[in-house]
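Readers should treat all values here as calculations from the given coordinates under stated rules, not as data from a laboratory. Note that this is a predicted model, so its numbers are computed, not measured. Neighbour counts run over all protein chains shown; Cβ positions are idealised from the backbone, glycine included.
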Amino acid sequence: MAKYSVVPVDEEVHFGEEEFIVSKTDIKGKLTYANEVFCRVSEMNTDEVIGQPHSLIRHPDMPRSIFKLLWDSIGSGSEIFAYVKNMSKTGKYYWVLAHVTPSLDENGVVNGYHSNRRVPNRDKVKAISKIYKQLIEEENKHSNAKDGVEAGYALLMRILEEQGKNYAEFVWSVGE
């Protein structure tokens, strides 16, 4: 995390089924907006998050290859849905189903990104956790982080190919 040295703890932060975590970033991924739910669940206030990289809440259990896929998708102008495990300021975790989209200016040029997150289905989280563990294990086999991300990404693509699905189809069907 950018400002904090946080050790993950095995304690979950919950938010309501009817609530949405909302954030906006600039094109480099620095937070420009965070709603009250984002701040409450991440255990930070807006002064602590605005201007910081969105990776401020990245949990070490998240494969870097999933973020590569996310950035590749939104960088090309596409939306993406993804299961993400985040970490609060005190090291607690929380799972979300994230919907990330590019934000466009009046000329249709990407000028940032917008993300809405909701409470995910627990069965799907259990299934995705197993896959994420495989991706992290693959990433960790490589001493070079970039090589690890590429290897994890290649493994994810193989998993998708074996299932005959693209990533969007995979996200909606995981755990079924």
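Numbers below:
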quantity: Distance from region 107-174 to region 10-32 (C-alpha centre basis), Å; calculated: 18 Å
quantity: Rg/Rh (Cα only; Kirkwood hydrodynamic radius) as it applies to region 21-173; calculated: 0.96
quantity: Calculated Rg and Dmax of region 106-176 using C-alpha coordinates, Å; calculated: 15.3, 45
quantity: Directionally averaged shadow of region 1-105, computed from the convex hull of its alpha-carbon atoms, nm²; calculated: 6.5 nm²
quantity: Rounded to the nearest 20 debye, dipole of region 1-110 from Cβ charges on Lys, Arg, Asp, Glu; calculated: 500 debye
quantity: Ordering of 137-144, 7-14 by packing [mean C-beta count within 10 Å, highest first]; calculated: 137-144, 7-14
quantity: Inter-label distance, nm, simple model (7 Å from Cα along the C-beta direction), Thr90/Asp26; calculated: 3.2 nm
